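Each remark here refers to the structure printed beneath this line.
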Amino acid sequence: MKTKNEIKRIGVFTSGGDAPGMNACIRAVVRTALFYDKKVTGICRGYQGMIDDEFEKLNSRSVSNIIQRGGTILKTARCEEFKTPEGRKKAYDNLVKNEIDAIVAIGGDGTFTGAWEFMKDYNIPFVGVPGTIDNDLFGTDYTIGFDTATNTAVEAIDKIRDTASAHNRLFFIEVMGRNSGAIAIRAAIAAGAEAMMIPEQPITVEELIAIIAKGEKNQKSSSMIVVAEGGKSNKSLHEIVEEIKKKFPQYDPKMAILGHTQRGGSPSCFDRILSSRLGVGAVEALLNSKSGVMVGLVNDKILYTNFDRAIHIDPSVDEEIIRISKILAM
Ligand code: ADP
């Protein structure tokens, strides 16, 4: 543990998948540290930059005019070398060389796993900020970037709906989420989709056919099915599309993949405020001798969760919102 007085310089980095709002969080970390008379260094490209000695001193002007920008000014990277003791030793030596006493790590569960491993051998406190569009971390109601990514998905699905209804078409729309249906669930409800395929609750092709048949009976002019990347069913997505094509040839099913558009763009107001609150919370945690914790927002209050819990406990699926989506899609 380091006391407030022992911490003179705080390091900050972004790591893993980028998420809109990371810049707003970097800004909050820098300005909060300066507010408490601490110095700040940015570490570029996450753990890779820590190993390669890519450090940059930051001041309040370094973070001017970035609250509204997507991506991350510190860049991000994935780094296999940090998974080895030798890699972590190099990172530690560079942190000492650059006089960094404590760190704010903005990233997802991989980033916190790395920090957890590092802290087993070295006495540099880490506090994590959940920066991932997937909203898949235990210990926070929302992660940075999730709201913006969902808004981007909804905007795109609205546009696809216009053409779907003009042609009486059925669209499968793939959104991000290899292990989490969070974006798919929210986007499906907000865009008025008929059904969704998510990793947490598999849906069979027979159930999908029944939903589409019901829509047909109710004279629906178009159908939208939102699919998370890791959406589960008893058949592959390709087989499902083929089967539905045979069953409902009049709908001429098409597939649209939204892909990386969901990561980019200016963060929403919600994400800017979330990022700002979590950034302040992270620095204040370090200065209150906390370490090995992720800062989160639960019921609109700042809360700290140990890394091992944040990483290893699966956040619960929002059953209530799934129930609502089934009632409304008729
Ligand atoms: P995210 O933080 O978005 O989940 P990744 O899973 O890619 O993204 O993790 C980011 C980085 O964290 C990895 O590239 C690696 O450097 C580090 N990391 C992940 N798992 C471990 C581990 N078991 N040990 C050490 N470092 C790890």
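Taking Cα atoms only, the orientation of helix 237-247 departs from the longest principal axis of the chain by about 20 degrees. Positive end of the dipole of the chain (Cβ unit charges, origin at the Cα centre): among ALA195, ASN135, ASN299, the Cα lying farthest that way belongs to ASN299. Axis of helix 319-328 versus longest Cα principal axis of the chain: the two differ by about 30°, to the nearest ten degrees. For GLU80 and ARG323, a Förster radius of 51 Å and the Cβ-Cβ distance give a FRET efficiency of 0.75, rounded to the nearest 0.05.
Think of segment 253-330 as having a plus end and a minus end, set by charges on the Cβ of Lys, Arg, Asp and Glu; of ALA256, SER268, SER316, ALA256 sits farthest toward the positive end of this dipole.
Pairing the Cα long axis of helix 85-97 with the longest principal axis of the chain, what angle in degrees results, from 0 to 90 and rounded to the nearest 10? Result, in degrees: 50. Taking Cα centre as origin and charging only the Cβ of basic (Lys, Arg, +1) and acidic (Asp, Glu, -1) residues, the dipole magnitude of the chain rounds to 700 debye. Given all pairs of different Cα atoms, what value in angstroms does the Kirkwood hydrodynamic radius of segment 147-263 take? About 13.9 Å for segment 147-263. Positive end of the dipole of the chain (Cβ unit charges, origin at the Cα centre): among PHE171, ILE26, GLY46, the Cα lying farthest that way belongs to ILE26. In the structure shown, the pairs LYS75/LYS232; LYS159/LYS214; LYS2/LYS89; LYS220/LYS326; LYS4/LYS290; LYS159/LYS254 are assessed against 22 Å; a Cα-Cα span above that value is assigned to LYS75/LYS232; LYS159/LYS214. Placing +1 on each Lys and Arg Cβ and -1 on each Asp and Glu Cβ, with no other charges, gives segment 147-263 a dipole about its Cα centre of roughly 160 debye.
Stretching ASP300 away from LEU237 to a fully extended chain increases their span by 18.9 nm, per 0.36 nm per residue minus the current alpha-carbon distance. In percent, how large is the relative contact order of segment 147-263, given Cα pairs closer than 8 Å and 6 or more residues apart? The value is 39 percent.
Sequence-ordered 3J(HN,Hα) estimates for segment 17-28 from the Karplus curve with 6.51, -1.76 and 1.60 and θ = phi - 60° stand at x, 6, 8, x, x, 4, 5, 4, 6, 4, 4, 5 Hz, glycine and proline given as x.
Can you give the charge dipole size of segment 21-140 about its Cα centre, rounded to the nearest 20 debye, using +1 on the beta carbon of Lys and Arg and -1 on the beta carbon of Asp and Glu?
460 debye
Using equal-weight Cα scatterers in the Debye expression, the normalised intensity of the chain in log10 at q = 0.07, 0.15 Å⁻¹ is -0.33, -1.08.
With contacts taken as Cα pairs under 8 Å at a separation of at least 6 residues, segment 1-99 carries a relative contact order of 34 percent. Sorting 135-141, 189-195, 307-313, 296-302 by their mean Cβ neighbour count within 10 Å, with the most densely packed peptide first, gives 135-141, 189-195, 307-313, 296-302. Between LYS217 and LYS89, the simple spin-label model (points 7 angstrom out along Cα→Cβ) gives 6.9 nm.
Quick one: length gained pulling ASP37 to LYS120 fully straight, 0.36 nm per residue minus the C-alpha distance?
My answer for the length gained is 27.0 nm.
Per-residue packing, averaged as other Cβ atoms within 10 Å, sorts the ranges 173-181, 115-123 into the order 173-181, 115-123, beginning with the highest.
Residues LYS4, LYS217, LYS326 ordered from highest to lowest accessible area at a 1.4 Å probe: LYS217, LYS326, LYS4. Among 230-243, 89-102, the peptide with the highest mean count of other Cβ atoms within 10 Å heads the list, and the full ranking is 89-102, 230-243.
The values are calculated or read from the model by the stated rules, or taken from the named source; none is laboratory data. Computed from a prediction, not measured in an experiment: that's the story for all the values here. Ideal geometry is used to build each Cβ from the backbone, glycine not excepted, and the neighbour counts take in all protein chains shown. The accessibility values were calculated without ligands, DNA or RNA, using every heavy atom of the protein model including side chains. Shrake-Rupley method; radii C 1.70, N 1.55, O 1.52, S 1.80 Å.
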